[in-house]
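Structure, as structure tokens:
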Amino acid sequence: MFSRPGKERRQEEDLGFRSAEDFIVGELLGTGTFCHVLQCTDRVSGTEYAMKVVPKRGAGISQACAMEAHCLRRLERSPLVVSLLWDYDTDWNWTGILELCEGGELWAYIAHCGCVLEGESAW
């Protein structure tokens, strides 16, 4: 069984259900072609997470979000893949609450350095 270095393996019963109202939204961490990612804090535990918000503006967005959530759940025990902890849908947005990975965007690092070794990208 995999676990992330320095972190206990997540337990479903410890997380419970969360909704958008359970998080305090903080600073913008980044933007992508179809989404933006914000820092957020769980009002219950005080734990910081990343909140990925995808507006449902185009055809196929809902299906793409469902596929991303499905893939992240299938890979949830991998130490090399960010954990999707909660997700919820509205008519306007898909929102995923993900583990907060500090250190900046991997893509920006690769663009700056040209390439990275597997060990550099993993942690």
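The values are calculated or read from the model by the stated rules, or taken from the named source; none is laboratory data. Every value quoted in this text rests on a predicted model; they were computed, and no experiment measured them. Positions of Cβ are backbone-derived with ideal geometry, glycine not excepted, and every protein chain shown enters the neighbour counts. Accessible surface is based on the protein model in full, side chains and every heavy atom, while ligands, DNA and RNA are left aside. Shrake-Rupley method; radii C 1.70, N 1.55, O 1.52, S 1.80 Å.
Take Arg73, Arg57 and sort them by solvent-accessible surface of the protein heavy atoms, 1.4 Å probe, largest at the top. Walk me through the numbers before you get to the answer.
Working: Arg73 115, Arg57 200 Å².
These residues rank, largest area first, as Arg57, Arg73.
For the range 30-93, what % of the accessible area comes from carbon and sulfur atoms, probe 1.4 Å?
C and S atoms contribute 54 percent here.
Between Arg77 and any residue 5 or more places off or on another chain, the built amide H atoms are never under 5 Å apart. Remark on Asn93: its backbone amide H falls under 5 Å from those of Lys56, a criterion applied only to residues 5 or more positions apart or on other chains, H modelled at 1.01 Å from N.
For every other residue with a beta carbon closer than 12 angstrom to the beta carbon of Lys56, add +1 if it is Lys or Arg and -1 if Asp or Glu, then tell me the sum. Display every interim value, and only then the final one.
Numbers: positive: Arg57; negative: Asp89, Asp91.
Net local charge, Lys56 excluded: -1.
Sequence-distant or interchain residues sharing an amide H contact under 5 Å with Thr47, placed H: which? Amide H to amide H, under 5 Å and 5 or more residues apart or across chains, Thr47 pairs with Asp42.
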